[in-house]
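Taking it in order: structure first as structure tokens, then the write-up.
The values are calculated or read from the model by the stated rules, or taken from the named source; none is laboratory data. Quick caveat: nothing in here was measured; it's all calculated off a predicted structure. No Cβ is skipped: glycine too gets one built from the backbone with ideal geometry, and neighbour counts run over all protein chains shown. With ligands, DNA and RNA removed, areas are computed over all heavy atoms of the protein, side chains included. Shrake-Rupley method; radii C 1.70, N 1.55, O 1.52, S 1.80 Å.
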Amino acid sequence: QVQLVESGGDLVQPGGSLRLSCAASRSILRINAMGWYRQAPGKQRELVATITSGGSTNYADSVKGRFTASRDIAKNTVYLQMNSLKPEDTAVYYCNADWRNNDFWGQGTQVTVSS
């Protein structure tokens, strides 16, 4: 089992920044990959970014150049730095862990981009 706790969601104006955090209950070095997903109202959940146990990152085209995934191994925490936020980034953001071929999810954190 992997427990994930997200934090950092908030209301922010367009062009603003936020940093989301996801604390894992296990060493993230032993988790194959950690991912950030988001789900907007009426839409399917979509992948935003991933970071592997080796530290490699990958991003959805819609966030490339604006979002950055990172990690703190000592804290078993991954982050999503979101810059130049747009109204279309509004969604519930979920943290995901791919561990032993099973998916684990956090409870989600709301990000609202609005003036």
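Structural remarks
- Matching residues, the stretch 63-100, being touching a residue at least 12 places away in the same chain (Cβ under 8 Å) and aliphatic (A, V, I, L, M): Val63, Ala69, Ile73, Val78, Leu80, Met82, Leu85, Ala91, Val92, Ala97
- Residues that are out of contact with any strand residue (DSSP E or B) (no Cβ under 8 Å at 6 or more places or on another chain) and open to solvent by less than 60 Å² (accessible area, probe 1.4 Å) number at least 1 in the following strands (runs of 3 or more DSSP E) confined to the stretch 1-109: 91-99.
- Some residue of the stretch 17-39 being within 10 Å of the chain's Cα centre (by Cα) and free of Cβ contacts under 8 Å to residues at least 40 places away in the same chain: no
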